[in-house]
Amino acid sequence: MKTIRSIIFISLLCLVTLTSGCSGTRATSTEKTPLVVFGAGSLIIPFADLEKAFESKYPNIDVQAQYHGSIQVIRHATELHEAIDVVATADASLLPMLMYATNDPDTGMPYADWYIRFASNRLAIAYQENSMYASEINADNWYEILIRPEVKIGLADPRFDAVGYRALMVYALAGDYYHQPTIFTDMFKGQFSFPLGIFNERNLTTITVPEILETKTNSHIILRGASIELIALLETGDLDYAFEYESVIRQHGLNMVELPAALNLGEETNQDFYSTVQVDEDFQRFASVKPIFRGERIGYGITIPSNAPHPEEAALFIAFVLSPDGREVMQTDSHPVFNLAIGDGYEKIPASLQPYCTPTEAP
């Protein structure tokens with residue numbers, strides 16, 4: 001069963017890369033309305049199942065999904081100006097940061113002015129039974145195991161993928177949690193051609209990511225553009241460990257080191273501790289915004305870009321995701337959803353979607 005699941009996943013993974021041979025689109029009959037959905041890679045399996053259920057309910061709509069790291073998902077809308085109907089990211093805070101603040105040159109309007117925070121997750125460490133030191137690793141010593149030079153550890157590129165910058169946050173928080181302030185530098189020092197930076201000021205730890213991030217030839221860190229690309233490397237034995245979301249690890253039947261609640265970025269009660277760290281990309285990746293990612297509880301966000309070709313069908317899809325049937329699909333695929341979705345820019349959310357969420361609380 002695991003092998004079949006992996007084959008299905010790899011087939012879907014081809015959508016991450018836009019090539020002439022694997023474009024993420026398919027031929028549709030002229031009677032169907034194409035609905036283009038761009039989602040975070042960790043949504044591949046639940047959204048594939050949602051797509052089947054949705055198309056069964058709305059046979060006149062053909063969902064065409066593509067999956068990337070969350071930052072890349074937004075760049076396809078705001079930088080490449082692609083016509084996208086639904087955007088779903090693993091970090092809801094990216095939507096106001098990068099879509100509210102960026103205008104469509106054709107209309108002068110922001111690419112989005114609302115979103116719904118609908119799901120969560122937890123960060124964990126994935127591994128196989130034959131991974132090095134698999135019999136030793138646990139929630140108390142994982143950082144000691146991963147630092148060993150013979151251990152191959154996978155990391156999503158923090159310039160493109162939310163798992164990447166969240167993994168860096170985990171290392172920074174771990175220094176405080178385990179009362180060992182050198183955990184971050186012990187892991188990353190000397191691993192990259194241009195180093196990561198870390199400094200503390202006024203109870204805030206800031207991690208800086210250089211514009212060029214590449215590992216040295218002797219590094220035991222394997223860097224990939226999206227966290228989902230690390231799954232295949234784990235399954236082939238080219239990696240021993242990788243930072244992933246718990247939902248993805250469970251979906252693929254991998255072993256998992258569950259991180260303490262203070263580190264997994266998935267617990268509301270630890271929000272204050274999470275917020276003591278941030279990741280600052282030390283360059284201007286976006287045309288109008290220099291993103292800074294602040295530690296917070298993981299929240300997935302979904303919206304309809306202002307230039308969406310099919311906004312009515314997009315609203316139907318989001319309503320299905322948020323409906324009891326959609327929530328059941330997500331939960332069956334081990335992806336946690338919020339008991340109550342939260343709408344930012346509530347008054348601008350389509351009226352058909354407002355009953356599925358509650359307004360963001362005023363600060």
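The table for this structure:
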item	result
Ranked list, fewest to most other Cβ atoms within 10 Å of each Cβ, for MET109, MET99	MET109, MET99
Given the chain, longest segment not containing exposed loop trypsin sites (Lys or Arg not before Pro) (DSSP; at most 15 other Cβ within 10 Å)	33-188
Estimated translational D of the stretch 211-355 in µm²/s (Stokes, Kirkwood radius over Cα pairs; 4 °C; 1.567 mPa s)	69
Restricting the stretch 198-227 to GluC sites (Glu not before Pro) in coil, as DSSP defines it, with at most 13 other Cβ within 10 Å	GLU211, GLU214
Qualifying aspartates and glutamates (Cα of each under 19 Å from Cα of LYS189; at least 8 residues distant if same chain)	GLU144, GLU150, ASP157, ASP176, GLU211, GLU214, ASP280, GLU281, ASP282
For the stretch 85-99, 3J(HN,Hα) per residue [Karplus equation, 6.51 cos²θ - 1.76 cosθ + 1.60, θ = phi - 60°, Hz, x = Gly/Pro]	8, 9, 10, 10, 10, 7, 9, 4, 5, 5, 5, x, 5, 10, 9
Cα convex hull of the stretch 123-281, projected area averaged across orientations, nm²	8.7
Axial C-alpha extent at least 18 Å, average Kyte-Doolittle at least 1.0 - helices from the chain (DSSP)	none
Of (i) 0.95; (ii) 1.02; (iii) 1.15, the label for Rg/Rh (Cα atoms, Kirkwood Rh) derived from the coordinates	(i)
Average Cα contact separation per residue, the stretch 123-281, under 8 Å, 6 or more apart, as relative contact order %	40
Percentage relative contact order, the chain, counting C-alpha pairs under 8 Å, at least six apart	24
Structure-based [θ]222 nm, the chain - -39500 (n - 2.57) summed over DSSP H runs of at least 4, per residue, nearest 500	-8000 deg cm²/dmol
Rg in Å to one decimal, and Dmax rounded to a whole Å, for the stretch 295-363 via C-alpha atoms	12.7, 34
Interchain or long-range residues, amide H under 5 Å from THR33's placed H	ILE61, ASP62
Convex hull volume per residue in cubic angstrom - Cα atoms of the stretch 91-143	149
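Every number here is computed from the coordinates shown, using simple stated rules; none is lab data. The model shown is predicted, which means the values in this text are computed figures rather than measured ones. Reconstructed Cβ throughout: ideal geometry from the backbone, glycine too, with neighbour counts over all protein chains shown.
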